[in-house]
Every structure is written in structure tokens, then in C-alpha cells.
């Protein structure tokens, strides 16, 4: 997935050029008379059956691949949203079994990553920190699927997967503005989940949201909106989280991302042996965090008034933690942005460092460039996921034979409206949905939140997440409802064999601990 520097997330948020199509935008109407003769769009559904073995136990399930038509207040169709639902067979009372709604980010990413990499009944094998060889790809039983504790509904955001805007020439009134934005996207997912729950008798089920990357941004908006409409949730899982974009935006005058990224820089430098690190990585990174929010933050606050002697000391410590040359850090005025770090860390080896997962390395398009313009991690796994899902959805789920599945749409990301007011002051600034999550937790004091973080994630750094959680402004009783877990991997936690097992165990415990025993 390749994306320009202005778009900070891909994800999982993966910046894919593969799978991009103009089909994610509605066709322009030719004439009003032509639109009048178009048949109203209808929901579609393909039902199949399968089984998955998890920890030696076979689970039979019913899979439904289909679409739900979204409508405006006047009842006119605006979009068709694609989903794949897996429901366990043989449950005594299905209406009380946990159900989880899952999606990826982008903005503009389909749910293929969580579906085929993490929690679906099958998963594609891809290279851990190395480029996956070309086809044929190996798709196997997913021993770490979450079907052992919850039914699963994977949702593709509008303009991705098979989800499409329904324009006037297709019998609808939808436009990109109805879907491509923080608030508009939240409303679309709110309507979809409400419709799905009503149609499938799941109002009494323990409910969960599981989002990755920008999907965590969506979750904060979504859980607040749904609860305000009367649908309380048991839990929210934020994987590779980004709620406050100020922590991730290397804009002039904003020093916060330099602080929040430093521990991740240090972890990646350790991994590539550019620096010498102790065996206890978590303890070492705690040391880096203490420096980042202490001496380093104070030095950045002083700006040009920072004394030369103090600046020299900070330069040396940054060089020690990042592995970058002191002269480079000094020229950068103590502020090395993400894409500079990716280009510079392994420049002596003619390599660029991965963004979504700093363990990955790849060949630079331009060894003289100041910034890295490609992400080796995205390059390494995109082909495997794209091919595996395209075959699986058609051959196994029997859906979409004559359609184009859009893995990630650059159109959606380019047209995204980032405006969102989640706080008390309506003033232009960075997108920040942390107040939405805080509001949802105050509204429902039983709501549990579990946050999963990879040490080598250079897209949504783990300390940026910790900073956001520490600034939610919640009372201690509600702050205790938040759990943070850390993994020895990058943005896509399931790409590391040991991490996916740890992730599955953590989520099983989370769901079982918050559903009052209804499984």
C-alpha cells in the first residue's frame, strides 16, 4: 500500500495501490428519466457452512456473506455495505451469545486483514518480517480464530471491499460526503450495526467492537453514538490504536509526535542492531519513555532558547537511543520525523525501514532521498492477503464472482473529511476522538476497553496510545476499565506467530470476563 506523506495512516491502514478502483465512487447520473427506471437496490446474501478447529475443538458455523442497504432519513438508499458473518451452530440460545463487529482502518481499508490474518476461520500464511513469496499462497485453519468465544461480523467500510455508494443512476441518492469522513463514517457503521442486530435477534447478546488502526478511531465514535441510541456495549478492543492525531502528526510547531515516537524508534533500532540494548526490552523502553516525557520534552518546549550545552546532551542521548548520527540529529534540531527515520536508520545498508512494522526492511527507490516513500511491510504481505481473500470469498463463500473487491481505496482516503468535534470547544485542530471514548465510558461505567500495542509499530506508536489513555480525564474507577497489552511485533499483531497466540488468549479472557458468562 503506497500513500503520500500527507496520509499518516494506512492500515490495516495499509497503503495499498493494489485493489484500488474508481468503482468506489458512484457513477454520475445520465438523466433523471434513466434513474427513474432503475430497480430499487436490494440486500444480498450467500449462506454457506463450515468448521474451524481451535485448540483441538471443532466448531461448526454458518457463514453469511452479503450486503445491507443503508438509507437516509427519507428511506432512500445511499449505500450497500458488505459484510461476512460467522455464527456458531448448536448454541442453545444464540440471542445471548457474544457477537463482535470487526473492521480495519485506512481510511479506505477493507476488513481483509483482520479477516484473513487474525480472527476469521481461515488465515493466509505470510512472511513474518520478510517478504512473502508469490503465489501459490497457503491458506490454513485458524487455530486463533475468535469463534470459540464470539460470533464474528467483518464489515467493509464504504468504498472498500464490495461496499458501494448507491448514486442516482443506481436508484439511490448516496454521495461520497455521506460516507467519507469521521462523522459520516461513524453514522454509516452505526446504521449497519443497528440493522444487523435487529434483523438477527442480537439485541440481548454481549456486544464488542474490534477495530484496527483507523478502525480504533471509528470505534471511539461508534461506541459513543450507539450507546447514545440505547445499544450498550460490553467491550471495545483497540488494536494499534490512534485516537488523538496530534500524537501522530509531524506538523510544524507540534512537538508531541517526536516525544510519542521516540520509544518506538528505540525499539526498532534495537531490533536491527543499530544500537546495543539490554535483554529486557520492556524495561529498556520504559527508560526511553522516561527520557522522552522528561528531559526530551522539556528541551523541545524551550525551542530556540534551549542552551547549547543542554542541547548537546540531548543530541547524545537521542543518538544513543535511535542509532542515528549525532550530526544528523543536530541538523534536525532534535526533531527527526517518521519518514526521515525510516530513510536514515539503515541507509548504510542501502535499506529503508518499515513503517507499519519496523522489523521489515526493503530497498529504497532513492538512496539520496531524505524521506522514505515506500513501506517494506506493506510490500511484503499485500499480494498474499489480496489473492487469498479474492479466492476465498468466491470459491468458499460464493459471493462476488462478477465484482471487483477493493482491498484499499486511495479515493476514500483522499476525499476523507477529518473534521470532528468530540470535546467541549468547537475550534479547528487535530482530529481527536478520545473524548468520544471517554464519554462512552462515563455513560456506561461497565464498558471495558482493551488496547493492543506492538513495540515496533511506527504507524501508531505505543507510547502515543499510552499518552492518550493517560489524558482521557476519567475518574480512577473508570480508568481501571482500560487494559493495555504489549507485543513483540509491529502494527499488525497477528503477523508474528507468537503474538497472535498471545493476542487470542488476551481477547478470549477479555470477552469471557465481560459477558457475564453468556457464551
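On the given criteria, is residue 473 at positive phi, assigned to a loop (DSSP other than H, G, I, E, B) and assigned by TED's automatic domain parsing to the domain that holds residue 143?
On the way: at positive phi: yes; assigned to a loop (DSSP other than H, G, I, E, B): yes; assigned by TED's automatic domain parsing to the domain that holds residue 143: yes.
Yes; evaluated as a whole, the condition is true for this residue.
Conditions (1) buried (at least 24 other Cβ atoms within 10 Å of the Cβ); (2) within 20 Å of residue 128 (Cβ to Cβ); (3) in contact with a strand residue (DSSP E or B) (Cβ under 8 Å, 6 or more places away or on another chain); (4) free of Cβ contacts under 8 Å to residues at least 40 places away in the same chain, marked per residue:
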| residue | (1), (2), (3), (4) |
| --- | --- |
| 369 | no, no, no, yes |
| 437 | yes, no, yes, no |
| 447 | no, no, yes, no |
| 451 | no, no, yes, no |
| 456 | yes, yes, no, no |
| 462 | yes, yes, yes, no |
Legend entry - Single residue of segment 325-343 satisfying the filter (touching a residue at least 24 places away in the same chain (Cβ under 8 Å) and not in a loop (DSSP other than H, G, I, E, B)) that is nearest to residue 250 (Cα to Cα): 338
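Would you point out which residue out of 285, 238, 226 is at pLDDT 95 or above and not assigned by TED's automatic domain parsing to the domain that holds residue 502? Give the steps one after another, and end with the answer.
On the way: 238 fails: not assigned by TED's automatic domain parsing to the domain that holds residue 502; 226 fails: not assigned by TED's automatic domain parsing to the domain that holds residue 502.
Of 285, 238, 226, the one residue that is at pLDDT 95 or above and not assigned by TED's automatic domain parsing to the domain that holds residue 502 is 285.
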Legend entry - Matching option when the condition is in contact (Cβ under 8 Å) with a residue 24 or more places away in the chain, touching a helix residue (DSSP H, G or I) at 6+ places or on another chain (Cβ under 9 Å) and closer than 17 Å to residue 216 by Cβ, among 478, 493: 493
Inset, instruction - From (1) at pLDDT 95 or above; (2) in contact with a helix residue (DSSP H, G or I) (Cβ under 6 Å, 6 or more places away or on another chain); (3) assigned by TED's automatic domain parsing to the domain that holds residue 122; (4) crowded, with 20+ Cβ neighbours inside 10 Å, pick out the condition that doesn't hold for residue 393. - result: (2)
Legend entry - Where residue 473 falls short, out of the listed (1) modelled with pLDDT of 95 or more; (2) surrounded by 14 or more Cβ atoms within 10 Å (Cβ to Cβ): (2)
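Go through segment 368-390 and give me each residue that's over 23 Å from residue 140 (Cα atoms) and touching a helix residue (DSSP H, G or I) at 6+ places or on another chain (Cβ under 7 Å).
To start, the set of residues in segment 368-390 that are over 23 Å from residue 140 (Cα atoms) comprises 368-376.
369, 370, 371, 372 - these are the residues of segment 368-390 that are over 23 Å from residue 140 (Cα atoms) and touching a helix residue (DSSP H, G or I) at 6+ places or on another chain (Cβ under 7 Å).
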Inset, instruction - Tally the residues that are touching a helix residue (DSSP H, G or I) at 6+ places or on another chain (Cβ under 8 Å) and assigned to a loop (DSSP other than H, G, I, E, B), restricting the search to segment 164-194. - result: 3
Inset, instruction - Scan segment 139-174 for residues that are touching a strand residue (DSSP E or B) at 6+ places or on another chain (Cβ under 7 Å) and surrounded by fewer than 17 Cβ atoms within 10 Å (Cβ to Cβ) and jot them down. - result: 140, 141, 143
Inset, instruction - Hey, can you tell me all the residues within segment 401-413 that are outside any helix (DSSP H, G or I), surrounded by 18 or more Cβ atoms within 10 Å (Cβ to Cβ) and touching a helix residue (DSSP H, G or I) at 6+ places or on another chain (Cβ under 7 Å)? - result: 405, 406, 407, 409
Inset, instruction - Kindly check whether there is at least one residue in segment 255-272 that is out of contact with any helix residue (DSSP H, G or I) (no Cβ under 8 Å at 6 or more places or on another chain), over 30 Å from residue 508 (Cα atoms) and not assigned by TED's automatic domain parsing to the domain that holds residue 194. - result: yes
Inset, instruction - Report yes if some residue within segment 299-311 is under 32 Å from the mean Cα position of the chain (by Cα) and either outside the structural domain of residue 458 (by TED's automatic domain parsing) or closer than 23 Å to residue 247 by Cα (or both); otherwise report no. - result: yes
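The rows are residues; the columns are (1) in contact with a strand residue (DSSP E or B) (Cβ under 9 Å, 6 or more places away or on another chain); (2) crowded, with 24+ Cβ neighbours inside 10 Å; (3) at pLDDT 95 or above.
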position	(1), (2), (3)
36	no, no, no
44	yes, no, yes
84	yes, yes, yes
111	yes, yes, yes
Inset, instruction - Could you check how many residues of segment 281-310 are buried (at least 17 other Cβ atoms within 10 Å of the Cβ) and over 19 Å from residue 257 (Cβ atoms)? - result: 1
Legend entry - segment 232-255, residues that are outside any strand (DSSP E or B), touching a strand residue (DSSP E or B) at 6+ places or on another chain (Cβ under 7 Å) and more than 19 Å from residue 442 (Cα to Cα): 240, 241, 245, 246
Legend entry - Residue in segment 414-428 that is out of contact with any strand residue (DSSP E or B) (no Cβ under 6 Å at 6 or more places or on another chain), in a loop (DSSP other than H, G, I, E, B), over 27 Å from residue 181 (Cα atoms) and in contact (Cβ under 8 Å) with a residue 24 or more places away in the chain present: no
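Quick check on my filter: what residues within segment 355-367 are part of a loop (DSSP other than H, G, I, E, B), touching a helix residue (DSSP H, G or I) at 6+ places or on another chain (Cβ under 8 Å) and more than 17 Å from residue 336 (Cα to Cα)? I'd like the intermediate steps shown before the answer.
We begin by selecting, within segment 355-367, every residue part of a loop (DSSP other than H, G, I, E, B); these are 355-360, 364-367.
Restricting the remaining residues to those that are touching a helix residue (DSSP H, G or I) at 6+ places or on another chain (Cβ under 8 Å) gives 355-360, 364, 367.
Passing the criteria: 356, 357, 359, 360, 364, 367.
The values are calculated or read from the model by the stated rules, or taken from the named source; none is laboratory data. If you're wondering where the values come from, they're calculated on a predicted model, not measured in any experiment. Note that we place each Cβ from the backbone using ideal geometry, even for glycine, and neighbour counts take in every protein chain shown.
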